[in-house]
Amino acid sequence: MTVSDAVRTVEGTFHCGETEGKIDVKSACGADLLSDVMAFVKDRVLLLTGLVNPQVIRTAELLDIKAIIFVRGKHPTPDMIEMADDAGIMLASTKLTMFIACGKLYEAGLREGGTRPI
């Protein structure tokens, strides 16, 4: 699934990196704890989170996450958008809850888990 397909699936809107929307993702991870993201996320993952602060962008950059969707109607700050744009990270938002957004992505075929085995 492409990032653009994922954003459409969750009825989202882009903030930056819309051209990155052609990137394929193999899995999705919904998390608000960055320690969980750092411990378990693997390659080509789409991050869904309700956490809106610059550490989300820094963590994504560190883990080579190319796309973040903010849930529950949350929007990144202008500084976060600039950071993400500089790092080549796509940002989008959806009004859906994390549970519903993850469920819609699962229904659309994004089925591989976004985490490493424990």
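The values are calculated or read from the model by the stated rules, or taken from the named source; none is laboratory data. What you are looking at is a predicted structure, and each value in this text was computed from that prediction instead of being measured. Positions of Cβ are generated from backbone atoms using ideal geometry, with glycine treated the same way; all protein chains shown enter the neighbour counts.
With respect to the conditions (1) part of a strand (DSSP E or B); (2) out of contact with any strand residue (DSSP E or B) (no Cβ under 9 Å at 6 or more places or on another chain), L46 falls short on a single one, namely (2). Name the residues in segment 1-27 that are among the small types (G, A, S) and modelled with pLDDT under 90, would you? Result: G17, G21, S27. Name the single residue, out of those in segment 1-31 being touching a residue at least 40 places away in the same chain (Cβ under 8 Å) and in a loop (DSSP other than H, G, I, E, B), that is nearest to D79 (Cα to Cα). It comes out as G17. T97 satisfies every condition listed in (1) touching a Pro at 6+ places or on another chain (Cβ under 9 Å); (2) farther than 13 Å from V45 by Cα except (1). Within segment 46-70, the set of residues being under 18 Å from I100 (Cα atoms) and touching a Lys or Arg at 6+ places or on another chain (Cβ under 8 Å) comprises just one member, G50. Restricting segment 33-46 to residues that are under 25 Å from E82 (Cβ atoms) and touching a residue at least 60 places away in the same chain (Cβ under 8 Å), the residue that is surrounded by the fewest Cβ atoms within 10 Å (Cβ to Cβ) is V41. Within segment 91-110, none of the residues are more than 19 Å from G12 (Cβ to Cβ), over 13 Å from the mean Cα position of the chain (by Cα) and either of a type in the set (G, A, S) or surrounded by fewer than 20 Cβ atoms within 10 Å (Cβ to Cβ) (or both).
Residues that are more than 19 Å from D43 (Cβ to Cβ) and crowded, with 23+ Cβ neighbours inside 10 Å within segment 58-79 comprise F70, V71, listed in sequence order.
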